[in-house]
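Novice: Could you have a look at this structure, given as structure tokens, before my questions?
The values are calculated or read from the model by the stated rules, or taken from the named source; none is laboratory data. Every value quoted in this text rests on a predicted model; they were computed, and no experiment measured them. Neighbour counts run over all protein chains shown; Cβ positions are idealised from the backbone, glycine included.
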Amino acid sequence: MSNLNIKERQVGDVTILDINGNLRIGEESIALRKTIRRLSEEGKKQILLNLAHIAYIDSSGLGELVAGYVSLRRSGGQIKLLHLTQKVSEVMMITKLLTVFDAYEDESEALESFKTAELEAPAPVLNRGVAL
């Protein structure tokens, strides 16, 4: 039985996942992986994870955060973190993952950062090769 509840809400182009419970090996980490994968397949590639109600996170939970981050980055998307609890923040600092993820305490600021990132993203390079 999963001890993780994920609620989705949409604010503009950003999908916010309000996550409640434990993010650990087993059904919990699988549920997060499936949710992120589904959102990406639906074209929702800007995801904000609200971790305010995460009571516990283990290495498997961290692994799913990293896997989601890498997967979305490869497809042109982003994952950012919101409201890290003290325990999650400590684990993220120890593992140096806070140097990888953008983390915010203010939801409005986090949402605005997605817009700023879009403006700063380099224009795609088109291959205009000519066949001879």
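Novice: State which residue is farthest from residue 23 (Cα to Cα) when the search covers only segment 33-64 and only residues that are among the aliphatic types (A, V, I, L, M) and surrounded by fewer than 17 Cβ atoms within 10 Å (Cβ to Cβ).
Specialist: 52
Novice: When you go through (1) at pLDDT 95 or above; (2) part of a strand (DSSP E or B) one by one for residue 84, which number turns out not to apply?
Specialist: (2)
Novice: Please report, ordered by residue number, the strands (runs of 3 or more DSSP E) entirely within segment 1-76 with at least 2 residues that are within 10 Å of the chain's Cα centre (by Cα).
Specialist: Result: 14-23, 46-57.
Novice: Follow-up question, since we're still on this one. Looking for whichever is under 18 Å from residue 114 (Cβ atoms) and either in contact with a Ser or Thr (Cβ under 9 Å, 6 or more places away or on another chain) or among the aliphatic types (A, V, I, L, M) (or both) here; the options are 17, 32, 97. Which one fits?
Specialist: 17
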